[in-house]
Amino acid sequence: MPEASSKTTIVVHNGKFHADDVFAAATLRNLLGNRNVEIIRTRDEEWFKKGDYVADVGGIYNPAQNRFDHHQPEGAGKRASGIPYASFGLVWQKFGGEVCGSPEAADYLDKKIVQYIDAIDNGVDVVNQIYSDVPIYDIKDVVRLFQPAWKTQERDVDLEFLGAVEWAQKTLKLEIEAALYVLEAKKVIENRYNQTEDKRLIIFDGKEESLGGETASHKLSEYPEPIYSVSFKSDPENWKIIAINKNEGTFELRKPLPKEWGGLSGKELETATGVPGALFCHRGRFMCTANSKEAILKLAQIALESQPN
């Protein structure tokens, strides 16, 4: 029988661990905050009955009782995407909105992180390895670093699990913070898009001038018209053009910057463009910079009027 405890207990299985149970425990630790929390790693069925939260073990999925296992023969359900729930997703489904302080952020991170980890744990492939000699390195590989290996058996697996949970807690906190900023930024970007007459070129200035980067490109790719965005770049201080991707899931651009600009900088780029103050154009032709807003708008207009190449 487990001893009585005044602590709030999170019960997970002992032995080898994976990203699924690590992030389930990390979510619960972040949820419980400053409470006196103890993680119990066991397969003692008495703990399955007594624990306050039981994840990835116990054979029961009952969110009302805080039981979050998915190993029973019938599983624990699937999302609309078809990805089955693992323990991380089950915990997140109930508590993600509370942990994030925003249902929108919880849904955003379910798509970004949680579903991927659940897929891995359920043996569902979500990534194609394009290069046979370049293996995919992802979050499961980071978690595996905490796992004692065949020549490091002296490491305490339970202590290593707690170390992995602490890392996952920090990771989730940073991801939640970033998600909240991204969601706020997307609203600003949407407003700017709606206020722009020529929607081929979306210009960010004023308070939102720093939004014209990756977040803007992803958000603007949801609309049919945008080709480029223009914004201020604070490090180093200059202005930039970003070419918009065809959609969020590809690096393919709707219209790359002119071929003649690719890889040029300084005087060479000024000569090629005829625009004083042009600074640099990436050889991939997705980004170009200039030393003033006037110069960058001239470059953007030239690019818009140029023939695709």
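Here are the numbers for the structure shown:
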item	result
Residues (assigned by TED's automatic domain parsing to the domain that holds VAL124 and in contact with a strand residue (DSSP E or B) (Cβ under 9 Å, 6 or more places away or on another chain)) located in segment 140-190	VAL157, ASP158, PHE161, LEU162, VAL165
Positions within segment 109-159 being of a type in the set (Phe, Trp, Tyr) and farther than 26 Å from VAL91 by Cβ, in sequence order	TYR131, TRP150
Which numbered condition VAL99 misses (of (1) at pLDDT below 90; (2) closer than 20 Å to ASP56 by Cα)	(1)
Selection status of VAL165, farther than 14 Å from GLY15 by Cα, in a helix (DSSP H, G or I) and among the aliphatic types (A, V, I, L, M)	yes
Members of segment 67-84 that are of a type outside the set (A, V, I, L, M, F, W, C) and touching a strand residue (DSSP E or B) at 6+ places or on another chain (Cβ under 8 Å)	ARG67, ASP69, HIS70, GLN72, GLY75, GLY77, LYS78, PRO84
Filtered residues of segment 290-300 (kept if under 15 Å from LEU201 (Cα atoms) and either surrounded by fewer than 19 Cβ atoms within 10 Å (Cβ to Cβ) or among the β-branched types (Val, Ile, Thr) (or both))	LYS293, GLU294, ILE296, LEU297, LYS298
Qualifying residue in segment 49-62 (condition: at negative phi, among the small types (Gly, Ala, Ser) and in a loop (DSSP other than H, G, I, E, B))	yes
Selection within segment 215-272 - of a type in the set (Asp, Glu) and either free of Cβ contacts under 8 Å to residues at least 24 places away in the same chain or over 20 Å from LEU299 (Cα atoms) (or both)	GLU222, ASP235, GLU237, GLU248, GLU252, GLU260, GLU268, GLU270
Residue count, segment 54-75 (criterion: surrounded by fewer than 22 Cβ atoms within 10 Å (Cβ to Cβ), among the aliphatic types (A, V, I, L, M) and within 21 Å of ASP107 (Cα to Cα))	1
GLY15, sole failed condition from (1) more than 24 Å from GLN147 (Cα to Cα); (2) modelled with pLDDT under 95	(1)
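For every residue, the table says whether it meets (1) surrounded by 14 or more Cβ atoms within 10 Å (Cβ to Cβ); (2) under 16 Å from PHE23 (Cα atoms).
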| residue | (1), (2) |
| --- | --- |
| LEU109 | yes, yes |
| TYR116 | yes, yes |
| VAL124 | yes, no |
| ASP133 | no, no |
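The values are calculated or read from the model by the stated rules, or taken from the named source; none is laboratory data. These numbers come from a predicted model, not from an experiment. Neighbour counts are summed over all protein chains in view; Cβ atoms, including those assigned to glycine, are modelled from backbone coordinates with ideal geometry.
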